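One structure below.
We did not get these values from a lab; they are worked out from the coordinates using the rules stated. Here the structure is a predicted model, which is why all the values come from computation and not from measurement. All Cβ positions, even for glycine, are placed from backbone atoms using ideal geometry, and neighbour counts span all protein chains on display.
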Amino acid sequence: MTWKWESQREQYGRALVELGKERSDIVVLDADLSSSTRTADFASAFPERFFNCGIAEQNMIDTAAGLAASGKTVFASTFAVFGTGRCYDQIRQSVAYPKLNIKIVASHAGITVGGDGASHQIIEDIALMRVLPNMAVIVPVDSNETYKVIKTVAKTETPVYVRIGRADVPTVTDKDTPFEMNKAKVMRDGMDVTLIGCGIMVSKCLEAAEELAKHGIDARVINLHTIKPLDEKTIVKAARETGGVVTAEEHSVMMGMGSAVAMCLVENFHVPMKRVGIPDVFGESGACNELMEKYGLTMENIVEAAHDVLKRKK
Amino acid sequence: MEIYDGEFIAELEAVAKRVRSHSITMIYRAGSGHPGGSLSGVDVMVALYFHIMKHDPNRPDWPERDRFVLSKGHAAPSLYAVLSEAKYFPEKELETLRKLGSRLQGHPCMRKTPGVEMSTGSLGHGLAAGNGMALAAKLDRKLYRIYVLCGDGEMDVGETWEAAMLASHYKLDNITMYLDRNKLQLDGPTEKIMSLEPLADKWKAFGWHVIEINGHSMKEIIQATNEARGVKGRPTVIICHTIKGKGVSYMEGSLHFHGKAPTDEEYKQAMKELGTADQ
């Protein structure tokens, strides 16, 4: 399959500027990375509503809390590695616990950060965010969905973590594809096995489904953009109807999307399952595609996992 | 001027005494809490809620209200006692501190307690949160002011200084920070655990207007706050020299009562000293 590759960050910047025009309660914070996260677009359009906090993510999150407590809808952005781990206490105490209207939109997540290496490749942010009560976790699948996610979460009044990448990603949805928060999107129907992906891995799942089709295997593909709250209904239905599940994520297999799905299925409908993701190790410098290959995030990895699951099906 | 009126000051001092008594009673009944740090900041909080701040206990979410953030969240008992004295909730409710199902959590929770502006407890967050409120006030062209009470132990926290820079950078003259300089933190004297001095010079270097006062003098608290209101283009810190455990002789300057409830005997003694032995 050939994809059009587009930037999620660009759409984030575009959506923010539109929101800024539509609503005066939107304020944006960044921590000296606005040209990378693309909050700079908002900063140029609405300088009085943009606050650069410098390289001080903890300060940024608590400042966001004060703004949100005063009626503002706050978008706070930086790289995912700094926007989750470095200010975890601030997110816990001042965003999640008081359930404030703050959207942490973090870019440069995952191993596709590439050359910067393990220090910048956060592969545990979904895990960190999803264990926080009151926090929703969304991983937009592509540039189109990123735009829609931003416009949608701006209408909510509670904390949301949105994870986007640095690199351009395959466009797998249309501009008109509706986005429904909290509702997993079935991208392809199938009855033999279910491939559940999030972010860039959804495109790999679609490629894997094509490959499996060549061998007469009919795979369902689900875009699980909202990891919390989890759309258990769609997941359990897929498990029931296909009898086997593979998850694929650009995140550690420890406590990410695959773990969320596994926990759901263990309690609701037990089927053979395999998680494709980064093993419990740190990444390293390299080109995106090299890293995806080395750390087990390819179409072939998903196909292999699907075969394994199919073998274990009764 | 009313504020220098002796009788008026005496009224504030009487409220402060009741707040101290409530605080100790609450901690005694709960069997845990932080009496020392609760008592040292009482006078600032009483001056704020009973003289300085515009607020309305009947409308805790009144948009024009001044905001108070208790950054040193472990002083929650005295904040609750002040809020109760100010009629945000009945005095009877103070008995529920730290009890299951209570609106009065061990550390302040803005979602549970009427009048609490920010959830705090993990130290070093309050000033940054206050800055966010101050930025919002400027954006909305509102005249309300933000008051933050920090402990001196919080000066160890890196984020305090990040927030100090931000307030100064954005010229937040609508925020005033009271620094409860009781010179003791959990493990010992601040200067032994992590040297803070020269503290005033540090704040000056960060671009703040600095005032030093006796933090137990109502008159000085009010005068300093008035001075802060007049300062344009930069934030003000009022370093309040205080005594940890102020008001109960055996708690004053004592490390022992940083985070420990009084025994039955100690409680009786405290009530005697605070003039509420009959209650």
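Miscellaneous remarks
- If only the Cβ of Lys and Arg carry +1 and only the Cβ of Asp and Glu carry -1, the dipole of the protein assembly as shown around its Cα centre is close to 1080 debye.
- Average beta-carbon neighbours from other chains, 10 Å sphere, peptide A:66-77: 6
- P(r), alpha carbons of the range B:200-279 - 10 Å bins starting at zero, rounded %: 17, 32, 24, 19, 7, 0
- All-pairs alpha carbon distance profile, the range A:247-314, 10 Å steps from 0, percent: 21, 46, 26, 6, 0
- Cα long-axis angle, helix B:76-85 against chain B (0 to 90 degrees, to the nearest 10): 90
- Rounded to 10°, Cα long-axis angle of helix A:232-242 versus longest principal axis of chain A: 20
- Computed log10 I(q)/I(0) for the protein assembly as shown at 0.05, 0.06, 0.07, 0.11 Å⁻¹: -0.26, -0.37, -0.49, -0.97, from the Debye equation with unit scatterers placed on every C-alpha and solvent omitted.
- Distance violations [Cα-Cα > 28 Å] among B:Lys219/B:Lys272; A:Lys151/A:Lys183; B:Lys192/B:Lys219: B:Lys192/B:Lys219
- Residues whose placed amide H lies under 5 Å from that of B:Gln185, excluding near-sequence neighbours: B:Thr190
- Ranking of B:Asp201, B:Asp173, A:Asp116 by count of other Cβ atoms within 10 Å, fewest first: B:Asp201, A:Asp116, B:Asp173
- A Stokes-Einstein calculation at 20 °C with viscosity 1.002 mPa s, built on the Kirkwood radius of the range A:5-170 over Cα pairs, returns a diffusion coefficient of 141 µm²/s.
- Considering only the Cα atoms of the range A:185-312, their convex hull presents on average a projected area of 7.1 nm².
- Global dimensions of chain B from alpha-carbon coordinates: Rg and Dmax equal 17.5, 53 Å.
- The overall shape of the range B:60-213 is oblate: from the C-alpha gyration tensor, with semi-axes ordered a ≥ b ≥ c, the ratio a/c is 1.5 or greater and a/b is no larger than b/c.
- In range of the label at B:Arg229: residues from the range B:46-87 whose backbone nitrogen is under 11 Å from the point 7 Å along Cα→Cβ: B:51-54
- Structural descriptor for chain A: relative contact order 17 percent, calculated from alpha carbon pairs under 8 angstrom and at least 6 residues apart.
- Sparse packing (at most 10 other Cβ atoms within 10 Å of the Cβ) combined with a DSSP loop state is found for none of the trypsin sites (Lys or Arg not before Pro) in the range B:1-94.
- All alpha carbon pair distances within chain A were sorted into 20 Å bins beginning at 0; the resulting P(r) in whole percents reads 36, 56, 8, 0.
- FRET efficiency, B:Asp187 to B:Lys272 (Cβ-Cβ, R0 35 Å, nearest 0.05): 0.70
- Over the protein assembly as shown: helical MRE at 222 nm, DSSP H runs n ≥ 4 each giving -39500 (n - 2.57), nearest 500: -11000 deg cm²/dmol
- Magnitude of the charge dipole, chain A, Cβ model with Lys/Arg +1 and Asp/Glu -1, debye to 20: 820
- Above-threshold pairs, the threshold being 18 Å between Cα atoms, out of A:Lys4/A:Lys185; B:Lys87/B:Lys260; B:Lys17/B:Lys244: A:Lys4/A:Lys185; B:Lys87/B:Lys260
- Packing order of peptides B:123-131, A:285-293, highest average first: B:123-131, A:285-293 (average count of other Cβ atoms within 10 Å over each peptide's residues).
- For chain B, the longest principal axis of the alpha carbon atoms and the long axis of helix B:218-230 meet at an angle near 20°.
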